[in-house]
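> One structure, pasted below without further comment.
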Amino acid sequence: MLRPIGEHELERVRRWRNHPMVRAASFTTHEIPPTEHARWWAAVRADPCRRVLVYEHGEPEKTPAGVVTFEGLGAFDRSASWSFYLDFTGLERDGTLLAAWIGVERAAIDHAFGPLDLLTLHGQVLAANEAVLALHRRFGFSESAPYLREIDGVPREVVRIRLEREDAR
């Protein structure tokens, strides 16, 4: 399940985002200090084309376990880009990380083609992040040929992913 993020959750979200595994798979890899996080949140709140949602995982009681971001909402072609990250520490401790990966992907796709009424969902993944690319393939995403993007002064291969509403699994 996805729900709006609450102001009281911002520090927890920053902690999840600063986990070394999340940073290693991101285009911004430095540890994010509170001031930078506050600027990011202010920009999100001011931008009607962005949504940042909390992913809740588990049964019967749902626990905050990750973040899903949609950007570019309101585009003429009803498309948007998305990304996600999870609470690695908590999910690994509980032994539910793999289930949460599958759950967040399903929740994001359902939200994109349900409440957001998108026709196309797209994103970008580091080519070296084979586990996430395999997850996206499992849900029907197509991939483009990798392109180079500079991250921390180093060229890295990035794959564009895309899912059309009619191809969603």
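> Considering only residues that are closer than 17 Å to GLY90 by Cβ and aliphatic (A, V, I, L, M), look in the range 11-25 and name the one that is surrounded by the most Cβ atoms within 10 Å (Cβ to Cβ).
VAL13
> Please work out which residue is farthest from VAL22 (Cα to Cα), limiting yourself to the range 83-96 and to residues that are in contact with a strand residue (DSSP E or B) (Cβ under 7 Å, 6 or more places away or on another chain) and assigned to a loop (DSSP other than H, G, I, E, B). If you could, list the steps in order and put the result at the bottom.
Within the range 83-96, the first condition is being in contact with a strand residue (DSSP E or B) (Cβ under 7 Å, 6 or more places away or on another chain), and the residues that meet it are 83-87, 90-91, 96.
Narrowing further to those that are assigned to a loop (DSSP other than H, G, I, E, B): 87, 96.
Working: ASP87: 9, THR96: 16 Å.
The selected residue is THR96.
> Is it true that GLY123 is in contact with a helix residue (DSSP H, G or I) (Cβ under 9 Å, 6 or more places away or on another chain), part of a loop (DSSP other than H, G, I, E, B) and at pLDDT 95 or above?
So GLY123 does not fit the description; no.
> Of the residues that make up the range 26-38, is at least one of a type in the set (D, E, K, R), buried (at least 16 other Cβ atoms within 10 Å of the Cβ) and on the phi < 0 side of the Ramachandran plot? If you could, list the steps in order and put the result at the bottom.
First pass over the range 26-38, keeping only residues of a type in the set (D, E, K, R): 31, 36.
From the residues that got through so far, the ones that are buried (at least 16 other Cβ atoms within 10 Å of the Cβ) too are none.
Checking the range 26-38: not a single residue is of a type in the set (D, E, K, R), buried (at least 16 other Cβ atoms within 10 Å of the Cβ) and on the phi < 0 side of the Ramachandran plot.
> For ARG17, state whether it is without any contact (Cβ under 8 Å) to a residue 60 or more places away in the chain, within 28 Å of GLY140 (Cα to Cα) and among the basic types (Lys, Arg). Don't jump to the end; show me each part of the working.
Working: without any contact (Cβ under 8 Å) to a residue 60 or more places away in the chain: no; within 28 Å of GLY140 (Cα to Cα): yes; among the basic types (Lys, Arg): yes.
The answer is no for ARG17.
> May I ask you to verify whether ALA43 is modelled with pLDDT of 95 or more, exposed (fewer than 13 other Cβ atoms within 10 Å of the Cβ) and not charged (D, E, K, R)? Before the answer, list the steps.
On the way: modelled with pLDDT of 95 or more: yes; exposed (fewer than 13 other Cβ atoms within 10 Å of the Cβ): yes; not charged (D, E, K, R): yes.
Here the answer is yes, as ALA43 does meet what is asked.
The values are calculated or read from the model by the stated rules, or taken from the named source; none is laboratory data. Note that the structure is a prediction, hence the values are computed from the model and not measured. A quick note on method: Cβ atoms are made from the backbone with ideal geometry, for glycine too, and the neighbour counts reach across all protein chains shown.
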